[in-house]
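This report refers to the structure that appears directly beneath it.
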Amino acid sequence: MKLLEDKIKKDGLAVNEHILKVDSFINHQIDPMLMQEMGKDIAEHFKDRGITKIATIESSGIAPALMTAVAMDIPLIILKKQPSKILNQDLYQTVVTSFTKETNYELTLSKKYISDNDHVLIVDDFLANGEAATAALRLLRMSHATIAGFAVLIEKSFQPGREKLLSQGIEVYALARIAKMAENYIEFV
């Protein structure tokens, strides 16, 4: 998506070969018009596929997932990073290793909002190593829901996330694919 690539070139910052700061328009501060356009683009790509729910991982995936859910007029479910202290028996749970934060956390999904009748599109902000995306797939498969695909705003194509998802038969749709990064340098696929 040229609109997103242009915004990354203008306002993004490649700190080094692994870290891209887009906090001025994607996560700490959100450009609502850009987010709305990205949601529409994802919705258009996945239209007519029988999708019943959008899923995302809190917190940076919420904005693009919500805009996609609005564009598709379907519910959004949020996979939480902390288990509920009172609802543990009503959750699907799995452990995720975060390379960004260098820690493990428990990802949870309420059984109340997902079923084997759901066909789910996962939407997130970044795809790099694919650990969070793979954990989201595990949770959704525990519920016996089917997966329509994985949509992401920014993919670091030089990392193994795409291959991990494709090897599981999951379609990956990325609005911006980065081939290479270095300090103050970004090259798109």
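The values are calculated or read from the model by the stated rules, or taken from the named source; none is laboratory data. Because the structure is predicted, anything quoted here is derived from the model rather than measured. Here the Cβ is made from the backbone with ideal geometry for all residues, glycine too, and neighbour counts use every protein chain on show. Side chains included, ligands, DNA and RNA excluded: accessible areas come from the protein's heavy atoms. Shrake-Rupley method; radii C 1.70, N 1.55, O 1.52, S 1.80 Å.
Values for this structure:
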| quantity | calculated |
| --- | --- |
| Cβ pairs under 7 Å, 6+ apart, first in the stretch 154-167 and within 23 Å of LEU13 (Cβ to Cβ), second open to solvent by 60 Å² or more (accessible area, probe 1.4 Å) and in a strand (DSSP E or B) | GLU155/ARG177; SER157/ARG177; PHE158/LYS180 |
| Exclusive hit being over 30 Å from GLU17 (Cβ atoms) and either at pLDDT 95 or above or assigned to a strand (DSSP E or B) (or both), set LYS40, LYS112 | LYS40 |
| Within the stretch 75-91, considering residues that are in contact with a Lys or Arg (Cβ under 9 Å, 6 or more places away or on another chain), at pLDDT 90 or above and in a strand (DSSP E or B), the one least open to solvent (accessible area, probe 1.4 Å) | ILE77 |
| Check on THR108, surrounded by fewer than 16 Cβ atoms within 10 Å (Cβ to Cβ) and among the β-branched types (Val, Ile, Thr) | no |
| Condition check for ARG177: surrounded by fewer than 21 Cβ atoms within 10 Å (Cβ to Cβ), free of Cβ contacts under 8 Å to residues at least 60 places away in the same chain and in a strand (DSSP E or B) | yes |
| The stretch 123-142, subset open to solvent by 10 Å² or more (accessible area, probe 1.4 Å), of a type in the set (A, V, I, L, M, F, W, C) and in a helix (DSSP H, G or I), residue modelled with the lowest pLDDT | ALA132 |
| Residue that is surrounded by the most Cβ atoms within 10 Å (Cβ to Cβ), among those in the stretch 46-58 that are under 15 Å from the mean Cα position of the chain (by Cα) and touching a residue at least 60 places away in the same chain (Cβ under 8 Å) | ILE54 |
